[in-house]
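Notes follow the structure.
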Amino acid sequence: MFTRILALVLALSLALVLVGCAAADRSSDVQNGAVDTPGTELRLAPGLYDLEGGTVQAIGTLTWVDLEGGFWAVVDTTGAEDTNVAVIANADEVANVLAPLEGRQVSVVGERFEGMSIRMAGPEVIAETIEEIDDTTGAAE
């Protein structure tokens, strides 16, 4: 009788472990901030990410914010309210690149600005590269 109860308890324990492992595999749609939408490749969700070498990457919508004299910011527009991801500290140096990309999804890579600023809208980034993120797919190969 004792061996039957022990065998039943072991079988139930094994079943619970297998169900738990199977459930964990299904919830892996978002890993490390990555978003996988149908028809597009895997890409990072809007946010500020630390890269190697002390640089950061800001991903979001490029927006002109008309506050405190105005500034360019990368904004997360996926929530109920827009959230500033990063302010572009050297916007005057890259203004010719920023204006055409307003309202588009961008990736800004650069160093964190560690100096003083009057803007209190989030972390500031000294932009080194600014690229549009294109979600359209090309022709099938």
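Given the criteria touching a strand residue (DSSP E or B) at 6+ places or on another chain (Cβ under 7 Å), assigned to a strand (DSSP E or B), over 23 Å from GLY53 (Cβ atoms) and not acidic (Asp, Glu), does VAL75 qualify? Walk me through how you get there before you give the answer.
Numbers: touching a strand residue (DSSP E or B) at 6+ places or on another chain (Cβ under 7 Å): yes; assigned to a strand (DSSP E or B): yes; over 23 Å from GLY53 (Cβ atoms): yes; not acidic (Asp, Glu): yes.
Answer is yes for this residue.
TRP64 - would you say it is outside any loop (DSSP other than H, G, I, E, B), loosely packed, with under 15 Cβ neighbours inside 10 Å and either at pLDDT 85 or above or basic (Lys, Arg) (or both)?
So TRP64 passes the test.
Out of (1) at pLDDT below 75; (2) surrounded by fewer than 10 Cβ atoms within 10 Å (Cβ to Cβ), what's the single condition that is false for ARG4?
Just one mismatch for ARG4, condition (1).
For segment 78-107, give me each residue that is part of a loop (DSSP other than H, G, I, E, B) and among the hydrophobic types (A, V, I, L, M, F, W, C).
Of everything in segment 78-107, those that are part of a loop (DSSP other than H, G, I, E, B) and among the hydrophobic types (A, V, I, L, M, F, W, C) turn out to be ALA80, ALA89, ALA91, VAL94.
The values are calculated or read from the model by the stated rules, or taken from the named source; none is laboratory data. Quick caveat, the model's predicted, so the values are computed rather than measured. Glycine also receives a Cβ, built like all others from the backbone with ideal geometry; neighbour counts cover every protein chain displayed.
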